[in-house]
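A.B. asks: Can you keep this structure in mind? I'll have questions shortly.
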Amino acid sequence: MRILILLFAFFLFAQCTPPPPIPTGVVSKNAMVVSAREEASKVGTAILQKGGNAFDAMVGTELALAVAYPFAGNLGGGGFMVYRKNDGNIGALDYREKAPLAAHKDMYLDSLGNVIPGKSTLGASAVGVPGTIAGIFEVHDKFGTLPIKEIMDPVIKLVDQGVQVTSKQADRLDKYWDQIKSVNGESTLFYNKCDAGDTLRYPGLASTLRRIAINGRDEFYKGKTAKILAKFILEKGGYVTEEDLARYEAKWRQPVVFNYKDLRIISMSPPSSGGVTINQIFKMIESYDISEFGHNSAKSIQLFTEAARRAYADRNFFLGDPDFVVIPLDVLLSKKYLQARMENFSFDSATLSSEVQHGRIEIMESNETTHYSIVDQMGNAVSVTTTLNGAYGSKLYNDELGFFLNNEMDDFSAKPGEPNMFGLIGAEANSIAAEKRMLSSMTPTIVEKDGKLWMVVGSPGGSTIITAVAQTILNTYEFNLSMQESVNAPRFHHQWLPDHIVFETEGFSDALKIELKSKGYHISEKPTPILGKVDAILVLPDGSLEGGADKRGDDTAVGF
Ligand code: DON
C-alpha cells in the first residue's frame, strides 16, 4: 500500500512538473559567448576554439567590446566579474573605478551646497580612475592559459580592420553627437558623423593595444599610456593624476551567495549593490508561489515591486565601498530581517514608498554599461558587466589613445538625498572620498541548479540592472520560458524612489495598468522603450548551451 501511495505521489509530481521549455535561442554543444556585438562574441569564441579557457576569452571579449561597442565597452572604465570554475570554485573580481586622490565629499557642490549640473556626468571632471586593464590582467595572471599576445592578436586584427557601424549604433552616435562635440571640440574622431554600414577605425586605439600587448598592465598604469592619459585629463579640468593611475589595483572579493528554492545564486558583492539587492528581493518573494500567479500578471508584478521597493530603500542607505564603510550584511540578508520587511505587504493595496524607509539596524560606528556571459568547453563560466557609466561615459575621448573615459564619479552620492543620473538617492555610505569606489548596481550573476552550472546572466541599465537580472532568472525558473524568451520578455522596474513602476513600452496591457493603479500603484507615464539588455547562457538538460542575446540591441550569441 505504501509503495502504491509513493508511486501515486511520484506520478502526480511528474504530471505537475512542466516539461523544460524548447530552446528558442542559439544552441551550441560545447562553448558560448554572448555579448553586445557579434564581433566581440566571435573574438571570445575564437580564443576558446584555440584551446583557451573562459578567462582567456574574458580578456579578449572585454577588449573587443572596447573596439566594437565604444558606447560601453572600454579601456577607460571598469567592471565586475563573477566566475564559477568547472570544479565548483567560485569568486569575484572588482575592477571598479576609484575616486582620484584629489576627490572630496563636496567636489560637485557649489558654494551654496547645491549640485553643479553636469560636473559629475560630463567631461574630465566626471572621470574616475579606470580599472579595466588592471582587471583583465588580474584575470589573466590568475587563471589565463594562453599568452596575452595570442589573446590580444584577434582584438588588434579587429581594430586594424575596423568595425562596421550598425543602424542602432549610428542612431546612438547621432543621439550623443552634440554632447561629444561639446566636450571634445571638432578635431576628434567622433566629430565625423557615421552612417549605418560605415567602417569605424581607431588608429590611436590600435597603437595603445599594441603597447599593452608588449608592456602589459603597467603600460596603462605607469607607462607611456599613463603619462598621456593623466596629462590629458588634467588639462581638460579633471582630477586623475599619474599617481592615481600608479596606485590603482583590482580586488578579488567574495561573491554574495544565497539559495532561492533549489537554485544557488552567486552574484557580485559590494562595492556593487547588485548581489545584495537581488538576494534581498529573492528572499522576500521566496515564500510565495510566484509561478502560480502567472508571468507578468498583476499579482506577480505586485509581489516583485514590493520586494524591490524595500530592497532599494536598504541599498541606497546602507551600501557603499566595503573598504570604507561598514555594511551590516549579516542582518540585511538574514531571514528574520527580510521577513519583517515584508510584514506590511498585502495584495490588496500598494505600500507607498513614503511609508518605506531603510530598515532599522544598529551599526557599530567605525565609521551605459554592457554585460557578457561565457561558458567554455571545460565547463568554466564567467559573468562580466563592464561600463563607462553613461553612454560613451563622460563623452571625453582621447584621440591619441583611442578610447572614451568614464563618468563613474556620478555613481557616488554627490549630496545626500539628491538623485544621480539614474534617479538613485544616496546616503553617507556612498559619499565621495579619495580612493573610494563608487556604489554600483552591476549584477554579473551565475546560477547553479542541483549543484551544477545552470545559468550565466547579467545586464546593463544602471539602477534597472538588478530587476532585469532578477526577472530573467524568474522567467526561466518560475515561468518556464526558454533562455531567449526569458531575455526577450517585457520587463518592469521599481526602485523605491521615485515611487512608480516603470514598464517597457511594449508588452503590458492597459487593463493590467488600470488594475495596479486601482490598488494604489503609481505608474510612470514616461515612455521607456527598454529596461536592461540582458545577455545570458542556460545549460540545457542534455548539457548543451542556449544563448539569450537581447533582441533590444545588436547582441549576439556565438558558440560551437
Ligand atoms: O555601476 C553602475 O551601476 C552604473 N555605472 C551602470 C551604468 C549602466 O548600466 C548604464 N547603462 N545603461
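Here, each number is a calculation from the coordinates, and none is a lab measurement. What you are looking at is a predicted structure, and each value in this text was computed from that prediction instead of being measured. Quick reminder, even Gly has a Cβ in these numbers, built from the backbone with ideal geometry, and neighbours come from all protein chains shown.
A.B. asks: Working out 0.36 nm times the residue gap between Lys224 and Glu249, then minus their Cα-Cα distance, what length gain in nm do you get to one decimal?
C.D. replies: Result for the pair: 7.2 nm of gain on full extension.
A.B. asks: A further question follows. Set Lys and Arg Cβ to +1 and Asp and Glu Cβ to -1, take the dipole of the range 406-560 about its Cα centre, and tell me which of Ala429, Gly461, Leu531 lies farthest positive.
C.D. replies: After comparing all options, I get Ala429.
A.B. asks: Can you pull the one-decimal nm distance between simple spin-label points at Val257 and Lys149, each 7 Å off the Cα toward Cβ?
C.D. replies: 3.9
A.B. asks: A follow-up question, please. Check cross-link reach from Lys335 to the lysines: straight Cα distance under 27 Å, and skip same-chain residues fewer than eight apart.
C.D. replies: Result set, ordered by chain and number: Lys261, Lys283, Lys299, Lys449, Lys452.
A.B. asks: Now a separate question. Which of the peptides 266-278, 189-201 is most tightly packed, and how do the rest follow, judged by the mean count of other Cβ atoms within 10 Å per residue?
C.D. replies: For the peptides 266-278, 189-201, the packing ranking is 266-278, 189-201.
A.B. asks: Still on this structure, I have one more. Identify all aspartates and glutamates with a Cα-Cα distance to Lys157 below 14 Å; exclude those on the same chain that are fewer than 8 residues away in sequence.
C.D. replies: Glu39
A.B. asks: What is the extension gain from Gln161 to Asn89, computed as 0.36 nm multiplied by their sequence separation minus the C-alpha to C-alpha distance, in nm to one decimal?
C.D. replies: 22.1 nm
A.B. asks: Can you list the HN-Hα couplings for the range 373-390, worked out from phi with the Karplus curve (6.51, -1.76, 1.60; θ = phi - 60°), rounded to whole Hz and with x for Gly and Pro?
C.D. replies: 10, 9, 10, 9, 5, 9, x, 7, 10, 10, 10, 10, 10, 9, 7, 10, 6, x
A.B. asks: If you don't mind, another one. Between the alpha-carbon centers of the range 274-291 and the range 79-130, tell me the distance in whole angstrom.
C.D. replies: Result: 27 Å between the Cα centres.
A.B. asks: Any chance you could get the radius of gyration and Dmax over the Cα atoms of the range 275-320, in Å?
C.D. replies: 11.4, 36
A.B. asks: Run the helix sum for the chain: -39,500 (n - 2.57) per DSSP H stretch of 4+ residues, divided by residue count, reported at 222 nm to the nearest 500 deg cm²/dmol.
C.D. replies: -10500 deg cm²/dmol
A.B. asks: Evaluate E = 1/(1 + (r/R0)^6) for Ser524 and Glu435, where r is the Cβ-Cβ distance and R0 equals 41 Å; express this FRET efficiency to the nearest 0.05.
C.D. replies: Once rounded, the FRET efficiency stands at 0.65.
A.B. asks: Report P(r) for the chain: all Cα-Cα distances, bin width 20 Å, range 0 to the bin holding the largest distance, values in whole percent.
C.D. replies: 23, 57, 19, 1, 0
A.B. asks: Got the relative contact order for the range 372-476 handy, in percent, Cα pairs under 8 Å and 6 or more residues apart?
C.D. replies: With pairs under 8 Å counted, the relative contact order is 22 percent.
A.B. asks: A follow-up question, please. Quick check: from the Cα gyration tensor, does the range 99-162 come out rounded (a/c under 1.5), prolate or oblate?
C.D. replies: Because a/c hits 1.5 or more and a/b fails to exceed b/c, the range 99-162 counts as oblate.
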